[in-house]
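K.L.:
Encoded as structure tokens, here's the structure I'll be asking about.
The values are calculated or read from the model by the stated rules, or taken from the named source; none is laboratory data. Since we're looking at a predicted model, the values are computed, not measured. With ideal geometry, Cβ positions are generated from the backbone for all residues, glycine too; neighbour counts draw on all protein chains shown. When the accessible area is computed, the model is the full protein with side chains, heavy atoms only, and any ligands, DNA or RNA have been set aside. Shrake-Rupley method; radii C 1.70, N 1.55, O 1.52, S 1.80 Å.
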Amino acid sequence: PLGVCQPGNGSRFLFAESEAAFFAPSGMARNWAAFLACGLPLSAAFFHSAPLLALPAHSRCFAQRAPTAAGRRWLGLRGARAEIAELDSVPFFQLQTDRGPVPELPEEWQKGGVYACFNKEGQMQYVAMSRKVAVSMRNHLQVVPPLECWSAKAAVFDAPTKEDLEGTATAWIQACLAIDGDPPRGNTKEVEVWRLKASEVRRTKPNVYFSPGGREEDAAGQIKDIVRKFPVVLFIKGSRDAPLCGFSDATINMLNNLGADYETVDTLDNENNPAIRETLKTFSQWPTIPQLYVGGEFMGGADVAREMFDSGELKEVLAEAAGKRVVAAGSFVTLMPEEVQARMAKDPRITYVDVRTQPEFDHARVPGSVNIPAFLDTARGREPCRQAFVDAFLEANPDLEQEVVLGCQAAIRTKQACSWVKELGYKSVIEVEGGFGLWVSRGLPIETVSRRSMDV
């Protein structure tokens, strides 16, 4: 209580600051209705533009507040009391190592609570509530790029109420708004990856194919390109959601159980992969399918994969491959738009690759840039198109020694695209800080008439 008021009707009211004791200002009307529904008379006053809630002095619905743990406070939310965990009081936990995601998460994360994920630069990327924080975090570690899911904070509760979780999540998002001026990117419609389920992604991920127009005599080169492009490749019969042999099915299940990020190639699809089956056997000097490649190295068939799985070796090999991806993803450079423009003016061989969608690129772009979309807008939302992007990028930039620049609209999609490019072996990869949006706001030249785009 902050003060007592004597209204004209003779009733005495206690005043309490809404943000500190009762509810966020934006929820005034909803919360007033909740109090009225409970039969509590109320009036309101505004001092210094801050909304205040007035309760009759005899009301004790928030007068008695139980003591809270350090870094927590009580907040009235929709007529119920909520325990709020302060963001600053929760320690960071690093999720990534040089060998990939950490093997163990904190034991207390087995409880329900609220968590926030941060990128490597410490910017908040996503806030959510969860019945089991550890389960949700493991899901993110399988589908979100490592640099975007680098560390996390989690506030867990022994017996959380809906008000505890909603109140804490709202407070954390408001903290991000206060610092960055925007909500966490993962909580916006544009960034879908945080809401994907790893099991569905693995199950629905399409096969990888040979590059279009390939001939039978090119099969060995196509296979070599695939195992070079992707850290983990499984050559199978069928697809991961519909394998056409028991050995392929068993190997797929092993990789799924380990949460591996891998690609599949159908050796029975001779239309899209001409002469692949017999060429693969010669290429690997192994007579059967499936065949597993990790880091460009042939591991073996189904029996070898089973032995490695049972001994724990497969988990270690996959972790090492994931670690190399983290290192590769973190080794590109981020420069301000003015620095990028100066480099391009000095060396005309530098290619500015715009990874936005084609409609975005057609609307306005950096002069001389080339459009190679890293994400496409589909009925399910904006989804990555890694294989098409990688194929088109290699065709447009065959020299791995040449410096390349990548930019998108707000530097959200660029990090993922830069990671893919570094995995291909390019020596110098530059990300444009702030993307095309910052380029425009800095008053740098743009192009809006001619169209330069590569079909992918």
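K.L.:
Would you list, by chain and number, the aspartates and glutamates whose Cα falls below 16 Å from the Cα of residue 162, excluding same-chain residues fewer than 8 positions away?
P.N.:
Answer for residue 162, where 16 Å is the Cα cut-off: 83, listed by chain and number.
K.L.:
While we're looking at this one, here's another question. Would you pull out the residues with amide H under 5 Å of residue 95's amide H, same chain only if 5 or more places away, H placed 1.01 Å from N?
P.N.:
HN-HN under 5 Å from residue 95: 151, 152.
K.L.:
Quick one: Karplus J couplings for the stretch 195-209, per residue in order, coefficients 6.51, -1.76, 1.60, θ = phi - 60°, nearest Hz, x for Gly and Pro?
P.N.:
Once θ is set to phi - 60°, the couplings for the stretch 195-209 become 9, 7, 9, 4, 5, 6, 4, 5, 6, 9, 5, x, 5, 8, 10 Hz.
K.L.:
May I ask you to list the aspartates and glutamates whose Cα is less than 13 Å away from that of residue 153, ignoring any residue fewer than eight positions away on the same chain?
P.N.:
86, 88, 108
K.L.:
Going by amide H atoms built from the backbone, whose H comes under 5 Å of the H on residue 128, apart from near neighbours?
P.N.:
115
K.L.:
If one computes P(r) from the Cα atoms of the stretch 98-151, what percent of pairs lie at distances over 17 Å?
P.N.:
33 percent
K.L.:
Okay, moving on. If every alpha-carbon in the stretch 112-237 counts as one equal scatterer, what log10 I(q)/I(0) does Debye give at q = 0.14, 0.16, 0.20 1/Å?
P.N.:
-0.72, -0.84, -1.12
K.L.:
Ignoring ligands, DNA and RNA, what percent of the accessible area of the stretch 138-190 is carbon or sulfur (1.4 Å)?
P.N.:
Using a 1.4 Å probe with all protein chains present, the stretch 138-190 comes out at 53 percent carbon and sulfur.
K.L.:
Under 22 Å from the Cα of residue 346, which lysines turn up, not counting those fewer than eight places away in the same chain?
P.N.:
The qualifying lysines are 427.
K.L.:
So if we plug the beta-carbon distance of residue 281 and residue 342 into 1/(1 + (r/R0)^6) with R0 = 51 Å, what FRET efficiency do we get, rounded to 0.05?
P.N.:
It comes out at approximately 0.45.
K.L.:
Next up: Pick out, in residue order, every one of the GluC sites (Glu not before Pro) in the stretch 93-150 that is DSSP loop and has at most 15 other C-beta atoms within 10 Å; say none if there are none.
P.N.:
Working: sites: 104, 107, 108, 121, 148; in loops: 104, 121.
When the GluC sites (Glu not before Pro) of the stretch 93-150 are filtered for loop state and at most 15 Cβ neighbours within 10 Å, 104, 121 remain.
K.L.:
Cα-Cα over 20 Å: which of 132/205; 229/422; 189/415; 237/281; 205/237; 229/415?
P.N.:
Checking Cα-Cα distances, 132/205 exceed 20 Å.
K.L.:
Also: Quick one: order 448, 357 from most to least accessible surface, probe 1.4 Å.
P.N.:
448, 357
K.L.:
Given Cβ point charges of +1 (Lys, Arg) and -1 (Asp, Glu) and nothing else, what value in debye, to the nearest 20, does the dipole of the stretch 243-338 about its Cα centre take?
P.N.:
The dipole of the stretch 243-338 has a size of about 100 debye.
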